[in-house]
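Trainee: Let me give you the structure first, and then I'll get to my questions.
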Amino acid sequence: MSIEQMEAPELLSLNKFNVDEEEPHIVLDKEICKKCIEKPCLYVCPAVLYQLDKKGDITFDYAGCLECGTCRVMCKNHGIVKWEYPRGTFGVSLRHG
Amino acid sequence: MPESSLGGENMSEEEKFDAIIIGAGPAGAACAYTLAKEDKEVLIIERADTPGSKNVTGGRLYTYALEMLDAGLYAQAALERKVTHEQIMMLSRDRAICIDYHDPSFNTEGAAPISYTILRANFDPWLVEKAEEMGAMVACGIKVNELIEKEGKVIGIKAGEDEMYAHVVVAADGVNSFMAQKAGLINDIEANSVGVGVKEVIELPAEIIEKRFNLKKGEGAARMILGCTEGIHGGGFLYTNKDSLSLGAVFMPEEAAEKRKSIHEVFQNLKMHPSIYQLIEGGETVEYSAHLVTESGYRGIPRKIYKEGFLMVGDAAGFVMNTGYSIRGIDLAIVSGIAAARAIIKAQDNAEVGPQYMQELHNNKVIPAMKAADGYFDILGTPWIYDKVPNLANDVFNSLFRVNGQVPVSIKKETTALIKENGLSVWQLMKLGLKGVRSL
């Protein structure tokens, strides 16, 4: 494989994740997100996990989270009602870092 | 000696550790190492399966910090390449200027090289292992949920159902320090005080890296890149590891959102810049990571970084210095971890630990160094240095090197015109220069 621009899912597929299926570490209140005009999360998440669906609503999947915390810092309308680190052993495991 | 497992049985308040350290990064590990060396009972708790696997660096480590921990320790450390080439690059469209500073005095025979490139998944476990060899206990895969407080003093931690007690709890839990928040010492992070760094590790054979960067075996380059963030406050970086390159960029997320630019996209564009692409061509991306980095320097240090029974070290305390041409974090983490340990060792009673820690941070020059670099924050806050300045620099080089048989315009005249063309004024640049001189 040579160097090329890569979509986020392809980049994330290179990483090792141990997804906590029982307990999401980030939870949104989509009613609040609906009213948020700026939606900074669409631009700042390095993993591009925040996207708009056909109706213009936020979709989000915590599975590929890199645990940087940028969305938490940028979410001024507090649509993110829970942001914690994943439980012990869960989440991303970097092999280079 | 207290039980090392967190496997159910709670300790009583009487059987206390001397210190429980939350987070097995360089700050936590250096603190544990120093304490254990003095026969203190110390436990590090880390939420990752193995130390380092949640951590990201640009990056490099300035070696003096390891020397402070123990002289000669660096020779055994899990490091990548000693940095022999300091580079600054300015990009504009498809053009590039690269300054390469090579100084043999940074790497003289018999002395510790000034800095090494590193990868955290290699370096952090090594440092933790060193702390273990000194006698520290390490519990991985465990997330600390709460602090236990009594009469306003921190006396222990809660992880799930388990409770553990210590004379001092050290928050080495990184930039998103939930522990410092729980202790009531910091509020939520302000969006304008952090950058978000993204990075790809790109594997390439060592010989190709050495050829492309003009390095001898074991030598490395560290490169800062200006003008690669599409006008967003931030910059790029490129570090040579043994068999890989760390290419990344840091962005002010607030500006990315305002400009409605996806940082993922802007970073992917950087890879394709012809002057970057030729360095990474043929390589294979093996990892994509992201991390927050404190950008406000001295003024970003929380008003109080301790309370009775509780200290904050490393990123948790805001110890990051960014001058634009050098970025320091891991060294300050290690040195602040040492300061915390020395305070715990020296203090006669628990109330003295915090004030002693502040004293040690001054002795170790962490806070004085950050204070001295405070002025850079204002320079780096100048919005046009991220696009107009690199563009102007490239324009000036273009006019210097373009020979086309015409009568050349005087450089002074041409430069004045180019400054104007870039929407800048000589006055603005002079003011920035003056600010620069003042902050040095």
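Trainee: Can you work out which of the residues in the range A:7-31 that are in a helix (DSSP H, G or I) and more than 10 Å from chain B (Cβ to nearest Cβ) is surrounded by the fewest Cβ atoms within 10 Å (Cβ to Cβ)?
Mentor: Residues of the range A:7-31 in a helix (DSSP H, G or I): A:8-12, A:30-31.
Those left that are additionally more than 10 Å from chain B (Cβ to nearest Cβ): A:9, A:30-31.
On the way: A:Pro9: 11, A:Lys30: 12, A:Glu31: 9.
This residue is A:Glu31.
Trainee: Any idea which of (1) among the polar types (S, T, N, Q); (2) more than 14 Å from every other protein chain (Cβ to nearest Cβ); (3) in contact (Cβ under 8 Å) with a residue 12 or more places away in the chain is the one B:Gln348 doesn't satisfy?
Mentor: (3)
Trainee: Can you pull out the residues in the range A:32-56 that are more than 15 Å from A:Met74 (Cα to Cα), charged (D, E, K, R) and surrounded by 12 or more Cβ atoms within 10 Å (Cβ to Cβ)?
Mentor: The answer is A:Lys34, and nothing else.
Trainee: Restricting attention to the range B:139-155, does a residue exist that is surrounded by 23 or more Cβ atoms within 10 Å (Cβ to Cβ), within 9 Å of another protein chain (Cβ to nearest Cβ) and farther than 22 Å from A:Pro86 by Cα?
Mentor: no
Matching residues to (1) assigned to a strand (DSSP E or B); (2) at pLDDT 95 or above:
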site	(1), (2)
B:Ala48	no, yes
B:Ser53	no, yes
B:Gly58	no, no
B:Leu61	yes, yes
B:Ala65	no, yes
B:Met68	no, yes
B:Glu80	no, yes
B:His85	yes, yes
B:Ile88	yes, yes
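Trainee: Do the conditions hold for A:Thr59, that is, is it of a type in the set (Val, Ile, Thr) and in contact (Cβ under 8 Å) with a residue 60 or more places away in the chain? Give the steps one after another, and end with the answer.
Mentor: Details: of a type in the set (Val, Ile, Thr): yes; in contact (Cβ under 8 Å) with a residue 60 or more places away in the chain: no.
So A:Thr59 does not fit the description; no.
Trainee: Give the residue that is nearest to A:Ala8 (Cα to Cα), with candidates limited to residues of the range B:268-315 that are more than 8 Å from every other protein chain (Cβ to nearest Cβ) and aromatic (Phe, Trp, Tyr).
Mentor: Step one: of the range B:268-315, the residues more than 8 Å from every other protein chain (Cβ to nearest Cβ) are B:270, B:273-276, B:278-279, B:293-315.
Filter once more, keeping what is aromatic (Phe, Trp, Tyr): B:298, B:306, B:310.
Values: B:Tyr298: 34, B:Tyr306: 40, B:Phe310: 39 Å.
Looking at residues that are more than 8 Å from every other protein chain (Cβ to nearest Cβ) and aromatic (Phe, Trp, Tyr), I get B:Tyr298.
Trainee: Just the residues that are at negative phi and assigned to a loop (DSSP other than H, G, I, E, B), please, taken from the range B:331-390.
Mentor: If we filter the range B:331-390 for residues that are at negative phi, which is where we start, we get B:331-364, B:366-390.
Listed by number, the residues that qualify are B:Ala347, B:Gln348, B:Asp349, B:Asn364, B:Ala373, B:Asp374, B:Gly375, B:Gly381, B:Thr382, B:Asp387.
Trainee: Still on this structure, please answer the following. Could you tell me which of the residues B:Val194, B:Val154, B:Val170 is within 29 Å of B:Leu73 (Cβ to Cβ) and not charged (D, E, K, R)?
Mentor: Working: B:Val194 fails: within 29 Å of B:Leu73 (Cβ to Cβ); B:Val154 fails: within 29 Å of B:Leu73 (Cβ to Cβ).
Result: B:Val170 is the single residue among B:Val194, B:Val154, B:Val170 that is within 29 Å of B:Leu73 (Cβ to Cβ) and not charged (D, E, K, R).
Trainee: While we're here: Suppose we filter the range B:129-172 for residues that are of a type in the set (A, V, I, L, M), touching a strand residue (DSSP E or B) at 6+ places or on another chain (Cβ under 8 Å) and not in a strand (DSSP E or B); how many remain?
Mentor: Of the residues in the range B:129-172, the ones of a type in the set (A, V, I, L, M) are B:131, B:134, B:136-139, B:142, B:144, B:147-148, B:154-155, B:157, B:159, B:164, B:166, B:168-172.
Now narrow it down to the ones that are touching a strand residue (DSSP E or B) at 6+ places or on another chain (Cβ under 8 Å): B:131, B:136-139, B:142, B:144, B:147-148, B:154-155, B:157, B:159, B:164, B:166, B:168-172.
Keeping just the survivors that are not in a strand (DSSP E or B) gives B:131, B:136, B:142, B:144, B:172.
Residues meeting the conditions: 5.
Trainee: Then there's this: Given the conditions (1) at the interface with chain B (Cβ under 9 Å from one of its Cβ atoms); (2) out of contact with any Lys or Arg (no Cβ under 8 Å at 6 or more places or on another chain); (3) closer than 17 Å to B:Pro253 by Cα, and given that A:Tyr43 satisfies all but one, which numbered condition is not satisfied?
Mentor: (2)
Trainee: Right, something else. Give the residue that is nearest to the chain's Cα centre (by Cα), with candidates limited to residues of the range A:32-59 that are part of a loop (DSSP other than H, G, I, E, B) and under 30 Å from B:Glu287 (Cβ atoms). It would help to see each step written out before you state the result.
Mentor: Applying the first criterion (part of a loop (DSSP other than H, G, I, E, B)) to the range A:32-59 yields A:36-40, A:45-49, A:53-57.
Checking which are under 30 Å from B:Glu287 (Cβ atoms) leaves us with A:39-40, A:45-49, A:53.
Numbers: A:Lys39: 13, A:Pro40: 12, A:Cys45: 6, A:Pro46: 8, A:Ala47: 6, A:Val48: 6, A:Leu49: 4, A:Asp53: 15 Å.
Ranking the candidates gives A:Leu49 first.
Trainee: If you don't mind, there's one more thing I want to ask. Among the residues of the range A:10-21, write down those that are out of contact with any helix residue (DSSP H, G or I) (no Cβ under 8 Å at 6 or more places or on another chain) and closer than 11 Å to A:Pro86 by Cα.
Mentor: If the condition is that a residue be out of contact with any helix residue (DSSP H, G or I) (no Cβ under 8 Å at 6 or more places or on another chain) and closer than 11 Å to A:Pro86 by Cα, then A:Asn18, A:Asp20, A:Glu21 are the ones that fit.
Trainee: Let me ask you something else. Starting from residues that are under 25 Å from B:Arg438 (Cβ atoms) and surrounded by fewer than 18 Cβ atoms within 10 Å (Cβ to Cβ), keep the ones in the range B:348-368 and report whichever is farthest from the chain's Cα centre (by Cα).
Mentor: Checking each candidate, the answer is B:His362.
Trainee: Condition check: crowded, with 22+ Cβ neighbours inside 10 Å, of a type outside the set (A, V, I, L, M, F, W, C) and more than 8 Å from chain A (Cβ to nearest Cβ). Does B:Gly174 satisfy that? Spell out how you get there, then give the answer.
Mentor: Numbers: crowded, with 22+ Cβ neighbours inside 10 Å: yes; of a type outside the set (A, V, I, L, M, F, W, C): yes; more than 8 Å from chain A (Cβ to nearest Cβ): yes.
So B:Gly174 fits the description; yes.
Trainee: Out of (1) of a type in the set (Asp, Glu); (2) within 14 Å of chain A (Cβ to nearest Cβ); (3) more than 18 Å from B:Ala30 (Cα to Cα), the odd one out for B:Asp124 is which?
Mentor: All conditions pass for B:Asp124, except number (3).
Trainee: Taking into account only those residues within the range A:48-72 that are aliphatic (A, V, I, L, M) and at the interface with chain B (Cβ under 7 Å from one of its Cβ atoms), which is nearest to B:Glu230 (Cα to Cα)? Show your work before the answer.
Mentor: If we filter the range A:48-72 for residues that are aliphatic (A, V, I, L, M), which is where we start, we get A:48-49, A:52, A:58, A:63, A:66.
With the extra rule that they be at the interface with chain B (Cβ under 7 Å from one of its Cβ atoms), the set shrinks to A:48, A:66.
Details: A:Val48: 18, A:Leu66: 23 Å.
Looking at the filtered set, the residue picked out is A:Val48.
Trainee: Please state which of the following conditions B:Thr50 fails to meet, knowing it meets all the rest: (1) among the β-branched types (Val, Ile, Thr); (2) buried (at least 24 other Cβ atoms within 10 Å of the Cβ); (3) within 14 Å of chain A (Cβ to nearest Cβ).
Mentor: All conditions pass for B:Thr50, except number (2).
The values are calculated or read from the model by the stated rules, or taken from the named source; none is laboratory data. None of the values given here were measured: they were computed from a predicted structure. Every residue, glycine as well, gets a Cβ built from its backbone with ideal geometry; the counts of neighbours run over all protein chains shown.
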